[in-house]
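Undergrad: One structure coming up, written as structure tokens, with questions to follow.
The values are calculated or read from the model by the stated rules, or taken from the named source; none is laboratory data. None of these values were measured; they are calculated from a predicted model. Every residue, glycine among them, receives a Cβ derived from its backbone with ideal geometry; neighbour counts consider all protein chains shown.
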Amino acid sequence: MAVGLYTDGVRGAVLLWIEFFCLSTHQTKVGSYLSDTEALISGVVQGSGIGPLMFLVYINELATVLEFADDVKLYQQQLCTCSAATASC
């Protein structure tokens with residue numbers, strides 16, 4: 001994603017901030033409960049202001065290689081040992 005941003009003209013402190021944001025650990029707060037910090041495996045933090053921008057950069061990169069909407073199927077296997085009791089991975 002950083003390459004796509006750089007190609008689109010994002011440089012310097014802004015590019016470094018976005019890279020740091022994507023590589024950092026994050027927490028979620030629901031009511032008064034604060035989650036443990038976790039690394040972001042995929043996607044963006046829910047409720048983040050940068051999420052829509054990252055989606056647009058991602059779609060823009062896909063547009064350079066696609067001719068038709070059904071040309072690509074994207075998926076990544078997420079290995080997770082989730083427990084319904086703890087709702088954590």
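Undergrad: Report, by residue number, each residue of segment 34-54 that is among the aliphatic types (A, V, I, L, M) and part of a loop (DSSP other than H, G, I, E, B).
TA: Answer for segment 34-54, where residues must be among the aliphatic types (A, V, I, L, M) and part of a loop (DSSP other than H, G, I, E, B): L40, I41, V44, V45, I50.
Undergrad: Just give me the residues in segment 48-66 being of a type in the set (D, E) and surrounded by fewer than 11 Cβ atoms within 10 Å (Cβ to Cβ), in sequence order.
TA: Matches in segment 48-66: none.
Undergrad: Filter segment 1-21 down to residues that are small (G, A, S) and exposed (fewer than 12 other Cβ atoms within 10 Å of the Cβ) and give me whichever is farthest from A39 (Cα to Cα).
TA: Among those residues, the one meeting the criterion is G9.
Undergrad: Taking the residues in segment 1-33 that are without any contact (Cβ under 8 Å) to a residue 24 or more places away in the chain and in a loop (DSSP other than H, G, I, E, B) as candidates, determine which candidate is farthest from Y58 (Cα to Cα).
TA: If we take residues in segment 1-33 being without any contact (Cβ under 8 Å) to a residue 24 or more places away in the chain and in a loop (DSSP other than H, G, I, E, B), then S32 is farthest from Y58 (Cα to Cα).
Undergrad: Looking at segment 15-36 only, could you name the residues that are farther than 23 Å from A2 by Cα and of a type in the set (V, I, T)?
TA: T28, V30
Undergrad: Can you tell me how many residues within segment 22-47 are exposed (fewer than 13 other Cβ atoms within 10 Å of the Cβ) and touching a helix residue (DSSP H, G or I) at 6+ places or on another chain (Cβ under 9 Å)?
TA: Selection size over segment 22-47: 2.
Undergrad: Ok, one more. Would you mind stating whether V57 is within 28 Å of V10 (Cα to Cα), among the β-branched types (V, I, T), modelled with pLDDT of 75 or more and not in a strand (DSSP E or B)?
TA: Answer is yes for this residue.
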